[in-house]
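For reference, the structure discussed in these notes is given below.
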There are 4 protein chains.
Amino acid sequence: MAHTTSIKVRFYELDPYNHVNHSAYIQYFESARIELLEEAGIGLPALQEAGYHLVVTELATRFLRSAEMGDRLTVETEVVETRRASSRWRQRMFRGEDLIARQEITAAMTTLDGRPTRFPDEVVARLEPYRSEV
Amino acid sequence: MAHTTSIKVRFYELDPYNHVNHSAYIQYFESARIELLEEAGIGLPALQEAGYHLVVTELATRFLRSAEMGDRLTVETEVVETRRASSRWRQRMFRGEDLIARQEITAAMTTLDGRPTRFPDEVVARLEPYRSEV
Amino acid sequence: MAHTTSIKVRFYELDPYNHVNHSAYIQYFESARIELLEEAGIGLPALQEAGYHLVVTELATRFLRSAEMGDRLTVETEVVETRRASSRWRQRMFRGEDLIARQEITAAMTTLDGRPTRFPDEVVARLEPYRSEV
Amino acid sequence: MAHTTSIKVRFYELDPYNHVNHSAYIQYFESARIELLEEAGIGLPALQEAGYHLVVTELATRFLRSAEMGDRLTVETEVVETRRASSRWRQRMFRGEDLIARQEITAAMTTLDGRPTRFPDEVVARLEPYRSEV
């Protein structure tokens, strides 16, 4: 089941086009993934203490509508799959019913000095409830 | 021929992993495209005055190595093609010889109220020198 | 009476010290002032439509404790006074009972082309409920 | 003698007023101080390795003119004094001859777990060349 979180647009994230700059969407999506991890009991500080970093290696984003001042956005995040050392996630951002943006990202598990490593079983298990059904 | 620019990592762009946060790469790539436009004589203020916004509609980025404190990065930007209302760009980020990240983005031309519109001939002509050869 | 809002720390706002970078506090304080304006019915888009920009001209901030990953912060904002063309605001940021930072800022009212101008009476009236009592 | 560095405004740092958001000035000033430290041979990674964090505890900033798209700004940074556990810095930002903003900040030396500590003699000595004369 998708994790859902709410994000309020901040003024300084708008650019002179009066739209949220596209780089801020990337930050919103990151915030949503991190809230999922926290809810799952494997927040970044806990992962780090256990010797792991979760690192974005790839992303693909489509920007469908512009987000604007005062918007409160909803971000849905699902885990598509966890493979040996990497994971794929799918995210969608809405304003009310309107789809604003969607993203697929790949995140790798690494040791603290940056070498790829297997996803620990416990992490895989804790992500299971957020697996997409497709 | 690719446009080349240099970007210095700033401390606040690093995250607790001691790496440049992936959203900052997206900002670096944007800065590089905007410098290309300025060099081509069609900076965003000039475009806006002529009634146009250039808006990112899609991006795909691969993060290959992490950028770190004190790094001076080089960004190469090429225009892959300009179609009726949209354009595709290819970008690569280096630290010295090392490829740090690469990105493909699609940017649409819109009117000031956000409707897609044809790329003006002059814009197409001014982007021509930055066309990729492949 | 002070306006109160809640802000959740985002990962990319942390720096390698594992603390929220001090520039993000400045952004949190701005977000809080803008929420006050919205609540008062004089949000920035409404002001702009009426021909006004509200511009920070001066700030003084004390950073007392560091904010960290996962913190949910509360920001209290009061209007200290509105003079002819400028206004003074006082803000405090808390984590639970702990005072994290406090700030005094001065914001000027300008026309859209940046010339200082008198605070419209309606703006003064709408800020009145947020006046500090001291 | 003041340390001098140059900073180019980036598009995403502008807000809907078409000005650099005031929080970005705070980031520019931070970047300038860090470049001074690097030039002095006591960059933040070196300090951290030696067991020290340099932490902003207080700042006061005046915003005199707005910075805009395409601006290349110059930041001058001087050390006003180093006391036992804290230091005061004075910074000014220019566009050409025009003073855009100025700032005084206080930065404390702490251990890695955040307790205030004396400035190491070597740090004091290395900052000496950047001492303001007044």
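The values are calculated or read from the model by the stated rules, or taken from the named source; none is laboratory data. Predicted model only: the values in this text are computed from it and were never measured. No Cβ is skipped: glycine too gets one built from the backbone with ideal geometry, and neighbour counts run over all protein chains shown. Please note that ligands, DNA and RNA were not included when accessible areas were found on the heavy atoms of the full protein model with its side chains. Shrake-Rupley method; radii C 1.70, N 1.55, O 1.52, S 1.80 Å.
Under a crude label model (7 Å from the Cα following the beta-carbon direction), how far is B:Glu49 from B:Glu122 in nanometres?
With each label placed 7 Å out from Cα toward Cβ, I get 1.0 nm.
Which distances, in nm and shortest first, link the A:Met1 label point to the same label point in every other copy, taking 7 Å along Cα→Cβ?
Distances to the matching label points in the other copies: 3.7, 5.9, 6.7 nm.
With all protein chains present and a 1.4 Å probe, how do A:Val79, B:Val124 order by accessible area, largest first?
Sorted by accessible area, descending: B:Val124, A:Val79.
Mark the label point 7 Å from the Cα of B:Asn18 along Cα→Cβ and return the residues of region A:84-124 whose backbone N is within less than 11 Å of it.
A:112-114
Share of Cα-Cα pairs in region A:57-134 beyond 17 Å, in percent?
54 percent
How long are the three semi-axes of the equivalent ellipsoid for region B:38-78, computed from the Cα gyration tensor as the root of 5 times each eigenvalue, in whole Å, largest first?
Equivalent ellipsoid of region B:38-78: 29, 15, 9 Å, largest first.
Output, in nm with one decimal and in ascending order, the distances from the C:Gln48 label point to the matching label points of the other copies (7 Å from Cα along Cα-to-Cβ).
Those separations, rounded to one decimal, come out as 0.9, 3.6, 3.7 nm.
Provide the per residue accessible area, probe 1.4 Å, for the protein assembly as shown, rounded to a whole number of square angstrom.
Ligands and nucleic acids excluded, the result is 43 Å² per residue.
Based on the Cα atoms of chain D, what semi-axes does the equivalent ellipsoid have, where each is the square root of 5 times one gyration tensor eigenvalue, given in whole Å with the largest first?
With the √(5λ) rule applied to chain D, the semi-axes are 28, 15, 13 Å.
I'd like to know how region D:1-52 sits against the 2.2 N^0.38 Å rule of thumb: what's its Cα Rg over that expected value?
Here the Cα radius of gyration is 1.43 times the empirical estimate.
Once the whole set of protein chains is in place, how much accessible area is left on D:Asp113, using a 1.4 Å probe, in Å² to the nearest 10?
Per-residue accessible area (D:Asp113): approximately 110 Å².
Find the sum over both chains of the accessible area lost when C and D are paired, probe 1.4 Å, and report it in Å² to the nearest 100.
That pair hides around 2000 Å² of surface in total.
Could you give me the radius of gyration and the Dmax of region C:76-115, taking only the C-alpha atoms into account and expressing both in angstrom?
13.4, 42
If you average the sequence gap of Cα pairs under 8 Å that are 6 or more apart and divide by the length of region B:59-134, what percent do you get for the contact order?
Result for region B:59-134 is 32 percent.
How many percent of the accessible area of the protein assembly as shown is carbon or sulfur, using a 1.4 Å probe?
Answer for the protein assembly as shown: carbon and sulfur cover 46 percent of the accessible area.
With the contact rule set at Cα under 8 Å and sequence spacing of 6 or more, what percent relative contact order holds for chain C?
30 percent
Please report which chain D residue places its beta carbon nearest the axis carrying chain D onto chain A, with the distance rounded to a whole angstrom.
Result for the D and A rotation: D:Pro16, 3.
As I understand it, the value is the acute angle between the Cα axis of helix A:22-39 and the longest principal axis of the Cα atoms of chain A; what does it come to in degrees, rounded to 10?
For helix A:22-39, the angle is close to 40 degrees.
List, shortest first and in nm to one decimal, how far the label point of D:Arg88 (7 Å from Cα along Cα→Cβ) is from its counterparts in the other copies.
Output for D:Arg88: 2.0, 5.9, 5.9 nm, nearest copy listed first.
Roughly how much of D:Glu39 is accessible, in Å² to the nearest 10, using a 1.4 Å probe?
120 Å²
I'd like the accessible area for C:Leu47: 1.4 Å probe, protein heavy atoms, all chains in place, Å² to the nearest 10.
Number for this one is 10 Å².
Using only the Cα atoms, what convex hull volume per residue in Å³ does the protein assembly as shown have?
166 Å³
When the helix-only estimate is applied to chain B (DSSP H runs of n ≥ 4, each -39,500 (n - 2.57), divided by the residue count), what is the mean residue ellipticity at 222 nm, nearest 500 deg cm²/dmol?
After summing the helix terms and dividing by the residues of chain B, the value is -7000 deg cm²/dmol.
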